[in-house]
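Here's the structure we're looking at; comments come further down.
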Amino acid sequence: GKVLLVAGGVGITPMRALFETLPGAAGDITLLYRANSTQDLALWGELAKIADERGARLMYAVNSPDGERPDISAESLRRKIADIDRHDVFLCGPPGFARSVYEALRGAGVPARRIHHESFEM
């Protein structure tokens with residue numbers, strides 16, 4: 001099936017491993033990486049290479065230079081991923097991030113049983 005990986009900040013470390021090893025056909029896997037600034041997009045080159053090799057989608061949400069946070073809302077998720085309600089979602093990041101993304105996913109129609117998350121203290 002289709003899988004969406006959502007990583008916030010250092011949550012990218014476990015997600016990078018999944019992004020590389022998770023079984024899935026081309027087009028089945030999407031990684032959404034949320035970072036505070038472009039400098040934080042540490043693994044970008046590496047992630048882009050993995051995406052390219054396996055035909056996965058890579059999207060990122062990064063604060064604008066004035067510090068404004070990108071909107072990860074039910075609407076923006078549905079706009080980016082039309083069939084999001086048919087994805088299994090793995091979510092990893094700081095607790096506040098994980099909570100807001102979880103709510104956005106539920107609002108976008110993803111069933112709770114399809115959302116797997118790991119939050120950790122920074």
Item to check | Breaking point among (1) more than 18 Å from residue 9 (Cβ to Cβ); (2) over 12 Å from the mean Cα position of the chain (by Cα), for residue 81 | outcome: (2)
Checklist entry - Considering region 43-75 alone, what residues qualify as being in a loop (DSSP other than H, G, I, E, B), small (Gly, Ala, Ser) and under 20 Å from residue 98 (Cα atoms)? => result 67, 73
Checklist entry - Hey, does region 52-61 have a residue that's under 15 Å from the mean Cα position of the chain (by Cα) and either at positive phi or of a type in the set (Val, Ile, Thr) (or both)? => result no
Checklist entry - Just to be sure, is residue 12 more than 20 Å from residue 116 (Cα to Cα), part of a helix (DSSP H, G or I) and of a type outside the set (S, T, N, Q)? => result no
Checklist entry - Is it the case that some residue within region 95-111 is buried (at least 16 other Cβ atoms within 10 Å of the Cβ) and acidic (Asp, Glu)? => result no
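Since every read-out is calculated from the coordinates, none of them should be taken as a lab result. Keep in mind the model is a prediction, meaning the values are calculated, not measured. As a convention, Cβ positions derive from the backbone with ideal geometry for all residues, glycine included, and neighbour counts pool all protein chains shown.
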